[in-house]
Amino acid sequence: MLLLALETSCDDTCAAVTDGAHVLSNVISSQAAAHARFGGVVPEVASRHHLELVNPVVDAALHEAGVQLADVDAIAVTAGPGLIGALLVGVSSAKALAAARRLPLTPVDHLHGHVAANFLEPEPLDPPFVCLVASGGHTLLAAVHERSSYKVLGQTLDDAAGEAIDKAARLLGLGFPGGPELERLAAGGDPDAFGFPVAMTREPGLDFSFSGLKTALVYRCHELGEEETSRRRADLAASFQAAVVGQLTAKLERALDSGEWSAVALGGGVAANGPLRACVAALCEERGLRLKLVAPELCTDNAAMIAAAAAELEPLAYPEYLALDAATEAVERRATSNEQRAT
Amino acid sequence: MALVIGFDTATDDTAAAVMCDGELLTESAAGPTAGGGGRPAHATRLLPDLEAAVGAAGGWEAVDRVAVGIGPGSFTGLRIGIATGRALAQALGVPLAGVSTLAALARGIRERGGGGGRPALAVLDARRGEVFAALADGTDELLWGPFVATPAELARRIAALDRPPLAAGSGALRFRGELQQGGAEIPAGADRVHRVAARDICAIGALGPGSDPRDVAPVYLRKPDAERWRERDSTDNR
Ligand SMILES: [Zn+2]
C-alpha cells in the first residue's frame, strides 16, 4: 500500500512515500537557516516557509519515489502537537489532496511518529520496547507494547532537551541549531569542571526538567564574568552536556528497572549526540538489551515516520475527515502517564 | 461549459461558491465558530462547505478551475485557503486562479452596493489600528492598492479623489467616522456588501488563463513581527 505523508509541525517541511516498512522517499526541507538569525523557531516565519515549500516538497517526494499522485492509496498527516499555524499548512494540503481523489486520510500524533520510526527499514524493531525521544521540541520516554499506540512514561515538565541545548549554545555564543556546535565545543572541555545539577533524579517518576539547568548555566556565566566565561566555554559546554545526558540516561535507567524490557530505541534530533549514544549503549550492554539507534534521517522530524504510524491506524474514509482541525495537543487517543501510574 | 469553485478565508468568514459559465450555482459564508473566542472556522468549514457545493454540481471531477482569495487578510486564514486551493488544483489537474480579496470585495461593492457608477473602495480591518485597502473604478482592475494604511491616511487619499467612493468591508465599518470625513459613503452595517462573497472570487478567477498551482502565493502586506522587531533593533543599534 502506497502512503503519502506530510509533516509540518515545527520548522521542517517534510513529505514521504512509503510502501509498508519500505521508505520510497523521505524529503526534508529544513528551515534552520531561516530561523538562525532569530536564534530559535519563529512560528509566523515557519508557517510562511511551510506554505512556500509544501508543494515542491510533495512533488519531490512523489518524484523520488517514482510514483504519481494517482498511484497513492492513502494520505497521512501530522495533526498535532506542534505550532498551530505550521500544522494547518500540512493538514489543509493533505485534506485537499485526499478529498479531490476521495482517498482515506489518517491524522497522526507527531510523537507516535517518532515512536513508529522504529518500524521502518533498515532493521525494523518490533514492540515491546522502551523508546526515548529527545529533540528540540520534545523529550519523551515511552513504553511501546503495540505498534498502534504508546504509553507516556515521562515527558519534560518545561523545556525540551534539545531546546535547553539550543539555549545553552546561544549563551555560549554558538549558532542555531546549537546541538552539533555545543557537542564540538564540549569535546575539548572537562565534563566535571562545573557540577551542574542533574535535575529530577531525586523526584519519583520519569518526567524530565531542563529549565533549572539552563538557569544554573546563566548564573554560572554571570558569576564567572564575560572574560572567564569565554575562556572556559569548553568546560561549561562539556559540563552542561553531561548534565543533560545524565538526566536522560538516569530516567531511562529507572524505566528499565522494572526488568520487563529487552529492547531500547533512541530517537529524536538529540539522539545524534555522541555522548548520549555512548551512555545509552553502555547501559544497554550492561543489561544485555538490544539497542536500536534510529537512522539519522528518521531521527529528526520527517514524514516517513508519520507514514509508519499511519500504517498502524484505522484511516478516516472520505468524507469523514473534511472538518479535521490541527491541534496543539496530542491528537490520538492513548493512555497518559497519569493513567499509567495509577495502574 | 466551465465549472469554477471559488473560496476566500482572508477574513473571519469562510466563503465558498460554485459558478458555471458565470451563473452562480451555490454560495455559502460561515462566520466564526460560536464560543472558543470566536476563532474563524476556516479549517473546519472550508472543505465540508466546498464538498457540499461541488457535490451539488457534479462532483470534484466536474471542476474546471479553482479560484482562491489571496488576501490581504488573516495570515493563518490565507494559508489555509491557499494550501487547500493548491492541493485541490494539483490533485484535480486544473488551473488555480489567485484573486485579490480586496478586488473581490470591490467587485461586490460595484455590482451590489447600489452606488451607481461611483468608485468602489474595499477596506478590511487589518487590526492594530490599520486597514488594508484597494480602490476599483468600473472594472476589476485596481486603481490603488492593495496597501496597508492608517484610517487617517486613507481618509486623506479619499478626499483627494475626483468622485467620492462607495466604501465597504470590515475596515469601513470599524473606521466609519474617519472615512466618512474623507468623503466616503458607507452602507449600513448589516448590508451583505461588507462581507467578501465567494461568487466574486469565482467571477474574477474565471477570467484569464489561470496559473500553475505552485505559483499562487499570499499577499501578506506585512512582515512577521519577529522580522520587524529585528529590523527595528538593527536600525536602533546603528
Ligand atoms: Zn519531533
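The values are calculated or read from the model by the stated rules, or taken from the named source; none is laboratory data. The model shown is predicted, which means the values in this text are computed figures rather than measured ones. Neighbour counts run over all protein chains shown; Cβ positions are idealised from the backbone, glycine included. In case anyone asks, the SASA skips ligands and DNA or RNA and just uses the protein heavy atoms, side chains included. Shrake-Rupley method; radii C 1.70, N 1.55, O 1.52, S 1.80 Å.
The table below gives the values:
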quantity	calculated
Nearest-20 debye value, region A:44-170 charge dipole, Cβ charges on Lys, Arg, Asp, Glu	360
Reachable lysines, given that their alpha-carbon falls under 25 Å from the alpha-carbon of A:LYS251 and they are not under 8 places away in the same chain	A:LYS151, A:LYS167, A:LYS214, A:LYS292
Using alpha-carbon coordinates, inclination of helix A:274-287 to the longest axis of chain A, degrees	90
Sulfur and carbon atoms: percent of accessible area, region B:1-95 [1.4 Å]	53
Charge dipole of region A:83-165 about the Cα centre (unit charges at C-beta), most positive-ward option of A:LEU105, A:ALA134, A:ILE165	A:LEU105
Surface share of carbon and sulfur [accessible, 1.4 angstrom probe, percent] for region A:277-327	55
Rounded to 10°, Cα long-axis angle of helix A:84-100 versus longest principal axis of chain A	20
Two-decimal log10 I(q)/I(0) for the protein assembly as shown, as the Debye equation yields it once each C-alpha is a single scatterer, q = 0.07, 0.09, 0.12 Å⁻¹	-0.49, -0.76, -1.12
Accessible area of region A:209-274 belonging to carbon and sulfur atoms, whole % at 1.4 Å probe	45
Antiparallel DSSP beta bridges within chain B, percent to nearest 5	70
Modelled label reach - B:ARG214, point 7 Å along Cα→Cβ, region A:54-83 residues with backbone N closer than 19 Å	A:54-72
Threshold 30 Å² - residues in region B:181-229 whose accessible area is reduced by that much or more when the chain is no longer isolated, probe 1.4 Å	B:ARG214, B:TYR220, B:PRO224, B:ALA226, B:GLU227
Heavy-atom surface of the protein assembly as shown, accessible at 1.4 Å and reported per residue (Å²)	40
Sum of side-chain charges, B:ARG214 neighbourhood, beta-carbon under 10 Å (Lys, Arg +1; Asp, Glu -1)	-3
Solvent-accessible area buried by A and B, counting both chains, probe 1.4 angstrom, square angstrom	2800
Sequence-distant residues sharing a close amide H with A:THR106 (under 5 Å, placed H)	A:ILE75, A:ALA76, A:VAL77, A:LEU316
Cα gyration tensor, region A:105-153 - rounded (a/c under 1.5), prolate or oblate	rounded
Cα-centre dipole for the protein assembly as shown with unit charges at Cβ (Lys and Arg positive, Asp and Glu negative), debye to 20	1280
Drop in accessible area of at least 50 Å² in the complex versus isolated chain, residues of region A:63-108, 1.4 Å probe	A:LEU88, A:SER92, A:ALA96, A:ALA100, A:ARG102
Pairwise centroid distance, computed over Cα atoms, of region B:49-91 with region B:126-149, Å	24
For B:ALA126, distant residues with modelled amide H under 5 Å away	B:VAL131, B:PHE132
Peptide ranges B:71-79, A:93-101 listed from the most packed, as the mean C-beta count within 10 angstrom indicates	A:93-101, B:71-79
P(r) weight above 22 Å for chain B, C-alpha pairs, percent	51
For region A:98-196, alpha-carbon Rg and Dmax in angstrom	18.1, 61
Positive-end residue, the protein assembly as shown charge dipole about Cα centroid, Cβ charges, pick of B:ALA168, A:ALA216, B:GLY210	B:ALA168
